[in-house]
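What follows is one structure encoded as structure tokens, with my remarks underneath.
The values are calculated or read from the model by the stated rules, or taken from the named source; none is laboratory data. Just so it is clear, the model here is predicted, and its values are computed rather than measured. Glycine gets a Cβ as well: all are built from the backbone with ideal geometry, and neighbour counts include every protein chain shown. Accessible surface is based on the protein model in full, side chains and every heavy atom, while ligands, DNA and RNA are left aside. Shrake-Rupley method; radii C 1.70, N 1.55, O 1.52, S 1.80 Å.
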Amino acid sequence: MARSVRVTVDGAVLEAPEGTPLLQAMLDAGLDIPHYCYHPKLSIDGSCRLCQVEIEGMPKLQISCYTPVRDGMVVRTQTPEVARTRQGVLELLLLNHPLDCPICDKAGECWLQNYAFRFGSHFARTVEPRRKHGKRLDIGERMLLDQERCILCRRCVRFCREITGTGELAVFKLGDRSLLDIYDQRLDNDYSICTADICPVGALESKDFHHRMRVWFLRETASVCPGCANGCNIMIGERGNRIWRLTPRRNDAVNDTWMCDWGRLNYSFPQAPQRLLSPMVAEGGRLAAVSWEQALERCAAELRRFVARHGGSSVGAVASPHLTNEELFRFGQLLAALGVETSAAPVRRGRFDNLLIKAEKAANAAGARLLGLARGSDDGLKALCDGIERGRLKALYLCGEDLFEVLVPERAQRLLSSLELVIFQGLALLPALSGAAVVFPATTFAEKEGSFTNHAGRVQRIWRALQPAPGWLCDGEIFSRLRSALCGERDTFDPAEVFQEMAAAAAPFSGLTLEQLGTAGVPAANGAAAP
Amino acid sequence: MPVGVIKVARPAPTLAQRRPWLALLVGLWVATRHFFQSAFLFARGRQNFTVHFPEQRFLQPPAMRGMPVLVRMSNGKERCVACGLCEWACPTSCITIFPAETADGVERYPEVFDIDMSRCMFCGLCEEACPEEAIVMSRQVEIACYSRRGSLWHKEDLLVPRDQLQTRLDYLHRHYDA
Ligand code: SF4
Ligand code: SF4
Ligand code: SF4
Ligand code: SF4
Ligand code: FES
């Protein structure tokens with residue numbers, strides 16, 4: 001831990017660890033210092049010159065991003081000279097900037113717009129035609145480049161060199177002719193869209209978001225990416241009850257300020273056309289849509305009858321690693337009430353790297369393990385399949401589609417067809433499930449509140465961004481109501497209350513509350529139960 | 001944050017504006033004068049107070065704000081680039097835009113541009129917000145319809161050739177370029 005030093009900025013004293021860039025110290029203190037090229041997670045470039053401030057004892061203004069704090073430094077940021085310098089820098093940046101705001105995806109969250117309004121001069125003094133460069137250049141699978149809009153801050157260049165290590169981007173030519181471009185390799189790395197986030201202007205644009213939606217219409221909700229076990233912190237951009245984009249949210253303990261392209265583009269499933277819209281029950285050999293009450297009643301009756309005939313131990317359960325901790329906890333309670341002994345939480349595995357992407361492609365596999373719903377190195381899958389194949393398990397409560405993603409289709413089909421009773425709860429009805437007795441529609445991460453546990457055992461909170469249809473029950477409520485129907489005691493599903501119950505019952509969560517997780521999350525007591 | 005503030009000179013209040021009871025007398029005077037003027041003209045077989053709608057139509061001054069319409073350029077395309085600023089400025093949220101991409105240099109156009117005229121209050125804020133002079137307040141006020149669906153105007157119905165809107169555009173230029 002570095003020594004702490006004291007700096008005076010505009011008369012106020014701030015404290016910062018020795019060696020911190022002055023700019024960062026001022027930003028941390030809540031001061032609003034305009035800057036472009038500085039990014040807390042990248043090396044310092046000092047190319048934009050916007051962050052200049054007056055430092056006592058220095059003959060000229062200094063760029064605050066490349067000046068480490070020193071004890072006793074006296075800094076002024078509000079002098080006429082600083083204001084004039086900012087105005088000058090902005091004028092130079094705007095000299096050749098195209099008047100693209102009405103068609104630029106960044107408009108509304110563009111730092112050139114913001115700073116030009118606040119610190120610029122509002123008038124152009126030039127009459128010469130503006131420089132022409134490439135527009136809408138297709139530089140990657142998911143990225144577009146507009147060279148005219150680029151202000152040459154080189155954040156994207158440093159990102160590709162320092163974070164992904166792929167180095168696709170560079171600034172070519174010199175002086176007035178400088179322009180950003182790719183080498184012969186296209187910008188196709190797994191994190192390429194992060195360059196659009198860190199680009200202070202609209203020079204780098206994600207093809208997916210290109211000309212889709214104005215950012216000022218989006219309502220942003222904090223959440224966690226459901227794509228893999230890393231649990232990157234994100235913001236969901238919603239308008240008209242549909243998701244338009246996901247963007248990373250800074251969390252130094254999880255994803256810094258990045259997220260992978262796959263996770264970012266994986267937001268269309270909540271609005272998929274094949275999603276189940278209402279509960280269904282088997283009626284004369286086929287599934288018919290019914291009300292929630294009827295479906296819950298039917299499900300409770302089927303389970304009660306089955307358990308009375310064969311005992312609870314002949315029922316198997318599959319928990320979805322996409323459910324929240326609270327929902328999994330309630331599911332566990334429901335299974336205990338039924339006397340179920342065999343449960344699994346199969347997780348699809350895939351490509352991973354050593355930056356963010358994890359092999360397990362679900363957000364809460366660790367939660368399922370910590371809550372005892374998946375045991376052993378294969379998450380209980382083998383025991384479950386064996387149980388069904390040997391005829392020991394005759395009924396299955398199946399949550400999520402994950403089982404079909406980890407098993408070969410024929411095997412899944414065979415397993416399901418040998419069962420007497422199948423209750424399915426998921427997003428879409430697969431053909432293999434046409435024999436189910438009761439089908440409940442499930443809810444996605446964007447439609448519920450609760451928490452996920454990531455691969456490292458960090459418990460992180462999610463908030464609701466999309467409103468489900470009126471009368472819709474989220475997964476946790478389904479479990480709660482079923483448990484009420486089976487045990488007689490009234491059960492409600494309020495994530496904060498369930499979290500409290502869970503903290504009292506499950507050791508890894510003891511001492512935690514949902515409130516306390518905040519936006520950054522908290523590590524669970526004994527870390528991840530990683531296989 | 002305003003980029004620049006234009007101060008509009010207001011005339012000093014007249015005596016009648018400062019004394020409310022005087023204003024009452026002024027009002028009475030205006031009404032009486034008009035009454036006798038009209039009666040006089042009527043007695044001579046002339047009229048100056050009735051417009052025989054719909055055979056006759058009153059040509060409103062360019063400051064009038066009728067229904068907002070979209071400007072169609074001479075190449076047949078809309079001027080609008082679907083920037084969404086009018087949608088944002090509209091106090092009644094009656095504009096719905098879905099942008100899409102074009103192959104030409106403009107890059108962007110509105111694939112969908114709908115105005116719900118039953119909600120529009122003809123405030124003209126959309127016109128003021130538009131950076132492209134693409135939406136202007138026309139003189140059109142005859143927009144009654146038989147159904148709610150009929151009050152939803154789509155892009156094709158909203159497009160008006162630019163030269164038909166010249167009066168309003170000139171009026172706007174006079175004000176904004178001052
Ligand atoms: S593309 Fe954006 S991030 Fe890259 S140098 Fe230009 S302005 Fe900076
Ligand atoms: S690395 Fe994982 S959690 Fe992060 S954005 Fe990608 S899929 Fe989502
Ligand atoms: S005139 Fe006013 S209410 Fe009507 S569309 Fe324009 S901004 Fe909206
Ligand atoms: S403000 Fe003008 S250019 Fe922008 S969407 Fe509205 S009409 Fe089109
Ligand atoms: S932020 Fe300091 S020079 Fe760019």
From the backbone phi of the stretch A:163-171, what are the Karplus-calculated ³J(HN,Hα) couplings (6.51 cos²θ - 1.76 cosθ + 1.60, θ = phi - 60°) in whole Hz, Gly and Pro given as x?
-> 8, 8, x, 9, x, 6, 9, 7, 9
What is the protein assembly as shown by shape, rounded, prolate or oblate, if you read a ≥ b ≥ c off the alpha carbon gyration tensor as root eigenvalues and call it rounded for a/c under 1.5, prolate for a/b larger than b/c, and oblate otherwise?
-> oblate
Within the stretch B:86-178, report the chymotrypsin sites (Phe, Trp or Tyr not before Pro) that DSSP leaves as loop and that have at most 11 other Cβ atoms within 10 Å.
-> B:Y146
Net charge near A:D181, counting Lys/Arg +1 and Asp/Glu -1 over other residues with Cβ under 14 Å of its Cβ?
-> +2
So what J values fall out for the stretch A:247-263 if you push phi through Karplus, 6.51 cos²θ - 1.76 cosθ + 1.60 with θ = phi - 60°, rounded to Hz, Gly and Pro as x?
-> 10, x, 10, 5, 8, 5, 7, 10, 10, 6, 10, 10, 7, 7, 5, 5, x
In the stretch A:5-54, GluC sites (Glu not before Pro) in a DSSP loop with at most 15 other beta-carbon atoms within 10 Å | A:E18
Within the stretch A:40-70, whose backbone N sits under 11 Å from a point 7 Å along Cα→Cβ of A:E81?
-> A:53-62
Which percent, nearest 5, of DSSP beta bridges in chain A are antiparallel?
-> 70
How high is the relative contact order of the stretch B:1-116, given as a whole-number percent (alpha carbon pairs under 8 Å, six or more residues apart)?
-> 12
Cα gyration tensor shape for the stretch A:4-92, rounded if a/c is under 1.5, else prolate or oblate | oblate
Once you put a point 7 Å from the Cα of B:D157 and another 7 Å from the Cα of A:S313, both along the Cβ direction, what distance in nm separates them?
-> 7.1
Going by a ≥ b ≥ c, the root eigenvalues of the Cα gyration tensor, does the stretch B:68-177 fall in the rounded group (a/c under 1.5), the prolate group (a/b larger than b/c) or the oblate group?
-> rounded
At 7 Å along the Cα-to-beta-carbon direction for both B:S118 and A:E15, put a label point, then send me their distance in nm to one decimal.
-> 6.4
In whole Å, what is the distance between the alpha-carbon centres of the stretch A:55-70 and the stretch A:459-516?
-> 53
Sparse-neighbourhood loop hits (chymotrypsin sites (Phe, Trp or Tyr not before Pro), the stretch A:53-149; DSSP loop; Cβ within 10 Å at most 16 others) -> A:F123
Collect residues whose amide H, placed 1.01 Å from N in the peptide plane, falls under 5 Å from the amide H of B:E111; neighbours closer than 5 in sequence don't count.
-> B:F98, B:A100
Accessible carbon and sulfur surface of the stretch A:128-217 relative to its total accessible area, %, 1.4 Å = 49
Protein accessible surface hidden between A and B, which excludes ligands and nucleic acids, total in Å², probe 1.4 Å | 1700
What average number of partner chain Cβ atoms lie no more than 10 Å from the Cβ of the residues making up B:91-101?
-> 2
Compute the FRET efficiency between B:A63 and A:E410 as 1/(1 + (r/R0)^6), taking r as their Cβ-Cβ distance and R0 = 51 Å, and round to the nearest 0.05.
-> 0.10
Over chain A, what is the mean sequence separation of C-alpha contacts under 8 Å (at least six apart), divided by residue count, expressed as relative contact order in percent?
-> 11
Work out the mean other chain Cβ neighbour count within 10 Å for the residues of A:116-129 and drop it here as an integer.
-> 1
Tell me, how many Å apart are the Cα centres for the stretch B:80-156 and for the stretch A:296-331?
-> 53
FRET efficiency (A:K135, A:Q516; Cβ distance; R0 51 Å; to 0.05) is 0.55
Just tell me the longest site-free run in chain B, where the sites are trypsin sites (Lys or Arg not before Pro) in a DSSP loop having at most 11 other beta-carbon atoms within 10 Å.
-> B:58-147
When the accessible area of the stretch A:4-92 is computed with all protein chains present and a 1.4 Å probe, what percentage of it is carbon and sulfur?
-> 50
A:T492: net charge of surrounding residues, Cβ under 10 Å, Lys/Arg +1, Asp/Glu -1, itself excluded?
-> -2
The local net charge around B:I143, scoring Lys/Arg +1 and Asp/Glu -1 for residues other than B:I143 whose Cβ lies under 12 Å from its Cβ, equals -2
Do you know the relative contact order of the stretch A:338-412, to the nearest whole percent, from alpha carbon pairs under 8 angstrom that are 6+ apart?
-> 36
Of A:322-334, B:20-32, ordering from highest average Cβ density within 10 Å down gives A:322-334, B:20-32
